[in-house]
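Only one structure is covered here, and it is reproduced in the block below.
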């Protein structure tokens, strides 16, 4: 194991061109005094980085190589997908105006066998209702923020949450409904689905035209990838034990994403109810597809993120190597043993999960195989923990890119 690059500010993404050149995206999150604004750089032979773009809308959550260019997912507000020409370093917007200013963001792009750009859009909330927990999210720090947008037509049930109003010092309370701004009642409303929406996978043509919904109800599908047979897989981060509608002991998931499917959010997770039915926020489950079940369930709060397919010629060829970013306790769940912060292998034969040797990683977030040497690259976000007061303890410049021997796959 060798460090290919160090001193990175909270990186999230790596991409390799067909010749094995490595590109790295740093999120642009300004923790610990790191500069705000995402950065894309190329790794040079001497281990230094050549900056190709900066000032991107943060957090930058995805980077992929496509048709001689880099496709960049900018979380921002609004979210945006851009195309970077590595020869001229010209940056051109493909898709803009995507949902932003909420719990989660516009995530990575994966290029489909049909030539379209598939991407995921995270939810604006933990489980459909804006609550006081948004104040604890280090990347948000706001309670009133944008509400979720459904991809399918929905009818709301009667669920509403009563909380104090942080905008006032007089101790008043407000009631907030699902898919509604903070402090707004929304009982029994009918809301039409539309695109762009949140908690979804969408796709568009390479120039950004013909945006359409692929599937809805994925809370935060941070990692996407196509198998050689054309199936689309996604990791999905399960709901947390926080906010006005906490969901306890919810795993993270690996799903096959199918056109027109519903993955259950905000009421079902892995095909199972997240709460007692009295706590459902949707009243029209019968009008929606049956909530899909997962191929794999990871431990709650593991934070399954990006993955790569083991190439032919290596042990366990065709299996997945999945990065588990790890928990964000005590913000997302009560204190307890740490989970995640590791890299695991998922067998496509029986969808079983197998630990790989422990590596000195703080927060693994992306994995890639070099098309030339078949070396394994693992990207480490760096030191990032949630303190007891729910503040952030992070260290700028602690992110790294590691290059591992393919023999790692033999375990």
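The values are calculated or read from the model by the stated rules, or taken from the named source; none is laboratory data. This is a predicted model, so every value here is computed, not measured. As a convention, Cβ positions derive from the backbone with ideal geometry for all residues, glycine included, and neighbour counts pool all protein chains shown.
Only one of 97, 115 is surrounded by fewer than 22 Cβ atoms within 10 Å (Cβ to Cβ), out of contact with any strand residue (DSSP E or B) (no Cβ under 7 Å at 6 or more places or on another chain) and not in a loop (DSSP other than H, G, I, E, B). Can you tell me which?
Only one candidate passes the filter, namely 97.
Looking only at the stretch 79-89, which residues are assigned to a strand (DSSP E or B) and over 18 Å from the mean Cα position of the chain (by Cα)?
Correct list: 83, 84.
Please verify whether the stretch 188-205 includes one or more residues that are in contact (Cβ under 8 Å) with a residue 60 or more places away in the chain, within 20 Å of the chain's Cα centre (by Cα) and closer than 15 Å to residue 281 by Cβ.
Looking through the stretch 188-205, at least one residue is in contact (Cβ under 8 Å) with a residue 60 or more places away in the chain, within 20 Å of the chain's Cα centre (by Cα) and closer than 15 Å to residue 281 by Cβ.
For residues that are crowded, with 22+ Cβ neighbours inside 10 Å and in a loop (DSSP other than H, G, I, E, B), tally how many sit in the stretch 206-245.
Here the count works out to 14.
If you check residue 109 against the conditions, is it in contact (Cβ under 8 Å) with a residue 60 or more places away in the chain and either on the phi > 0 side of the Ramachandran plot or not in a loop (DSSP other than H, G, I, E, B) (or both)?
Against the criterion (in contact (Cβ under 8 Å) with a residue 60 or more places away in the chain and either on the phi > 0 side of the Ramachandran plot or not in a loop (DSSP other than H, G, I, E, B) (or both)), residue 109 qualifies.
Would you tally the residues in the stretch 370-386 being buried (at least 21 other Cβ atoms within 10 Å of the Cβ) and under 20 Å from the mean Cα position of the chain (by Cα)?
Here the count works out to 7.
Does the stretch 137-155 include one or more residues that are touching a helix residue (DSSP H, G or I) at 6+ places or on another chain (Cβ under 9 Å), at pLDDT 95 or above and surrounded by 17 or more Cβ atoms within 10 Å (Cβ to Cβ)?
Within the stretch 137-155, one or more residues are touching a helix residue (DSSP H, G or I) at 6+ places or on another chain (Cβ under 9 Å), at pLDDT 95 or above and surrounded by 17 or more Cβ atoms within 10 Å (Cβ to Cβ).
For the stretch 56-84, enumerate the residues that are farther than 24 Å from residue 103 by Cβ and in contact with a strand residue (DSSP E or B) (Cβ under 9 Å, 6 or more places away or on another chain).
65, 66, 67, 69, 70, 83, 84
Give 184, 198, 176 a once-over and let me know the one that is part of a strand (DSSP E or B) and within 16 Å of residue 128 (Cα to Cα).
Going through 184, 198, 176 in turn, the sole match is 176.
Select from the stretch 44-67 the residues that are in a loop (DSSP other than H, G, I, E, B) and free of Cβ contacts under 8 Å to residues at least 24 places away in the same chain and list them in ascending order.
Hits for the stretch 44-67 are 44, 45, 46, 48.
I'm checking my understanding of the structure. Among residues of the stretch 1-33 that are more than 21 Å from the chain's Cα centre (by Cα) and part of a loop (DSSP other than H, G, I, E, B), which one is nearest to residue 70 (Cα to Cα)?
Among residues in the stretch 1-33 that are more than 21 Å from the chain's Cα centre (by Cα) and part of a loop (DSSP other than H, G, I, E, B), the one nearest to residue 70 (Cα to Cα) is 17.
Output the qualifying pairs, or none if there are none: Cβ atoms under 7 angstrom, residues six or more apart or on different chains, first residue in the stretch 248-269 and at positive phi, second residue buried (at least 24 other Cβ atoms within 10 Å of the Cβ) and assigned to a loop (DSSP other than H, G, I, E, B).
That search, which allows pairs on different chains as well, returns 264/217.
If only one of 51, 92 is over 18 Å from the mean Cα position of the chain (by Cα), exposed (fewer than 15 other Cβ atoms within 10 Å of the Cβ) and over 28 Å from residue 376 (Cβ atoms), which one is it?
92
I'm told residue 333 meets every condition in (1) crowded, with 19+ Cβ neighbours inside 10 Å; (2) in contact with a strand residue (DSSP E or B) (Cβ under 9 Å, 6 or more places away or on another chain); (3) within 30 Å of residue 388 (Cα to Cα) except one. Can you identify the failing condition by its number?
Going through (1) crowded, with 19+ Cβ neighbours inside 10 Å; (2) in contact with a strand residue (DSSP E or B) (Cβ under 9 Å, 6 or more places away or on another chain); (3) within 30 Å of residue 388 (Cα to Cα) one by one, residue 333 breaks only (2).
Consider the stretch 165-184. How many of its residues are at negative phi and loosely packed, with under 14 Cβ neighbours inside 10 Å?
7
How many residues does the stretch 341-358 hold that are at pLDDT 95 or above, touching a strand residue (DSSP E or B) at 6+ places or on another chain (Cβ under 8 Å) and in a loop (DSSP other than H, G, I, E, B)?
Total satisfying the criteria: 5.
Does residue 75 count as crowded, with 20+ Cβ neighbours inside 10 Å and under 28 Å from residue 205 (Cβ atoms)?
So residue 75 fits the description; yes.
Part of a strand (DSSP E or B), crowded, with 20+ Cβ neighbours inside 10 Å and without any contact (Cβ under 8 Å) to a residue 60 or more places away in the chain: is that true of residue 305 in this structure?
Spelling it out, it is not the case that residue 305 is part of a strand (DSSP E or B), crowded, with 20+ Cβ neighbours inside 10 Å and without any contact (Cβ under 8 Å) to a residue 60 or more places away in the chain.
A quick yes/no check of all residues on (1) closer than 21 Å to residue 204 by Cβ; (2) modelled with pLDDT of 95 or more:
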site	(1), (2)
12	no, yes
19	no, no
60	yes, yes
105	yes, yes
